[in-house]
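The values are calculated or read from the model by the stated rules, or taken from the named source; none is laboratory data. On a predicted model such as this, the values are computed, not experimentally measured, just so you know. All Cβ positions, glycine included, derive from the backbone under ideal geometry; neighbour counts span all protein chains shown.
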Amino acid sequence: MNIVEISKILANQTRVDILKWLKNPEDNFPPHQDIDHFDDGVCVGFIQDKTGLSQSTISTYLNSMQNAKLVIPTRHGKWTYYRRNEEVIKAYTQSLSEEL
């Protein structure tokens with residue numbers, strides 16, 4: 001885990017909002033039509049709709065978050081769903097607490 005890399009990603013309010021929304025997806029996103037739960041996360045389209053940003057921008061944001069291991073992608077057919085990586089988020093906040 002790279003504290004500086006993650007901190008740079010979290011310096012963007014939309015990326016922070018995405019992580020907040022993914023913490024309780026059932027409260028922040030409509031139900032999926034093809035799957036009955038949020039266990040595998042939220043589809044990119046729902047995240048894009050909630051942010052109001054372009055698909056390419058959201059894909060870039062999610063890709064950087066995935067590279068930092070903040071989110072975990074899961075494919076269902078042609079759709080990708082994202083959920084939080086709670087272990088990395090916990091390790092990041094713990095490292096901040098211990099090192100700063």
*Which residues, counting only those in the stretch 4-36, are among the polar types (S, T, N, Q), in contact (Cβ under 8 Å) with a residue 24 or more places away in the chain and assigned to a loop (DSSP other than H, G, I, E, B)?*
Asn12
_Filter result (surrounded by 14 or more Cβ atoms within 10 Å (Cβ to Cβ) and either hydrophobic (A, V, I, L, M, F, W, C) or within 15 Å of Lys78 (Cβ to Cβ) (or both)) within the stretch 15-34_ = Ile18, Leu19, Trp21, Leu22, Phe29, His32
*Please go through the stretch 37-47 and pick out each residue that is free of Cβ contacts under 8 Å to residues at least 40 places away in the same chain and either β-branched (Val, Ile, Thr) or in contact with a His (Cβ under 7 Å, 6 or more places away or on another chain) (or both).*
Cys43, Val44, Ile47
*Which residue, of Asp49, Asp27, Asp40, is acidic (Asp, Glu) and over 30 Å from Ser95 (Cβ atoms)?*
Asp49
*Exactly one condition in (1) out of contact with any helix residue (DSSP H, G or I) (no Cβ under 9 Å at 6 or more places or on another chain); (2) of a type in the set (A, V, I, L, M); (3) assigned to a loop (DSSP other than H, G, I, E, B); (4) modelled with pLDDT under 95 is not met by Met1; state its number.*
(1)
*Residues of the stretch 66-87 being surrounded by 17 or more Cβ atoms within 10 Å (Cβ to Cβ) and assigned to a strand (DSSP E or B), which ones?*
Val71, Ile72, Thr80, Tyr81, Tyr82, Arg83, Arg84
*asked:* Go through (1) on the phi > 0 side of the Ramachandran plot; (2) modelled with pLDDT under 95; (3) surrounded by 15 or more Cβ atoms within 10 Å (Cβ to Cβ) for Asp40 and report which single condition fails.
replied: (1)
